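Report on one structure; see the data block that follows.
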Amino acid sequence: KQKMSTVRQEVELLYNYLKLQKQCYGNHFEYKISIENGVGEIYIPRLSLQPLVENSIAHGVHGAESRQEKIKIRINVYLSADGQMINLEVFDNGPGIKPEILALLPDKLPPPAPGEKSQGNRLAVKNISDRLKHTYNGQYSFTIESIPYEKTLMKIVIPVIYTDESDGGGILKNV
């Protein structure tokens, strides 16, 4: 089972996902995807961006509806200044994350108690964090900042890899 995909593949998936969400939520959110030239063939863990964008929509749109505002979602993918790392950012101006929850993210939030309603962000963010740990053996960062109705920024920084290591082919070019 393929565990990695290219930035290009992830962005195509994201565009399709956002197109479907626009049909559901219409004018309640807008988005912009900015991808630096030359990063399309870099490999990243599958479903690194879409679950973060899904959280922005799921939590942001409901908060925006009550305030009659439009959520703005920005997805940025770019290289670090030295070209060694790739930055994946998902930003929104939604209701944000409660400080007591934020303090436990991305990987310390316990699963919901039996009978408690599960919140998707608990699983998605934890899942991404676990996959980053497994894939990059500590050579990554996953940070989340949140100021209610101003910004929530989820940022992943991982090493640049130009081949899918999960196919048994090894690293062709790891810059």
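Taking the criterion of being part of a loop (DSSP other than H, G, I, E, B) and either of a type in the set (A, V, I, L, M) or surrounded by fewer than 21 Cβ atoms within 10 Å (Cβ to Cβ) (or both), the residues of segment 36-59 that qualify are GLU36, ASN37, GLY38, VAL39, GLY40, GLU41, ILE42, ARG46, LEU47, LEU49. Considering each residue of segment 113-135 in turn, at least one proves to be assigned to a loop (DSSP other than H, G, I, E, B), modelled with pLDDT under 90 and hydroxyl-bearing (Ser, Thr, Tyr). Test ILE86 against the stated conditions and say whether it is open to solvent by less than 30 Å² (accessible area, probe 1.4 Å), under 24 Å from THR163 (Cβ atoms) and assigned to a strand (DSSP E or B). Against the criterion (open to solvent by less than 30 Å² (accessible area, probe 1.4 Å), under 24 Å from THR163 (Cβ atoms) and assigned to a strand (DSSP E or B)), ILE86 qualifies. Can you list residue pairs whose Cβ atoms sit under 7 Å apart, with the first residue in segment 64-75 being farther than 14 Å from LYS22 by Cα and at pLDDT 75 or above and the second being open to solvent by less than 80 Å² (accessible area, probe 1.4 Å) and assigned to a helix (DSSP H, G or I)? Count only pairs 6 or more apart in sequence or on different chains. The qualifying pairs are ILE75/LEU14; ILE75/VAL53.
Can we say PRO106 is open to solvent by 30 Å² or more (accessible area, probe 1.4 Å), assigned to a loop (DSSP other than H, G, I, E, B) and either at pLDDT below 90 or at negative phi (or both)?
Details: open to solvent by 30 Å² or more (accessible area, probe 1.4 Å): no; assigned to a loop (DSSP other than H, G, I, E, B): yes; either at pLDDT below 90 or at negative phi (or both): yes.
Here the answer is no, as PRO106 does not meet what is asked.
The values are calculated or read from the model by the stated rules, or taken from the named source; none is laboratory data. For clarity, every value in this text was computed on a predicted model and none was experimentally measured. When we count neighbours, we look across all protein chains shown, and the Cβ atoms used for this are built from the backbone with ideal geometry, even at glycine. Only protein heavy atoms, including side chains, enter the accessible area calculation; ligands, DNA and RNA are left aside. Shrake-Rupley method; radii C 1.70, N 1.55, O 1.52, S 1.80 Å.
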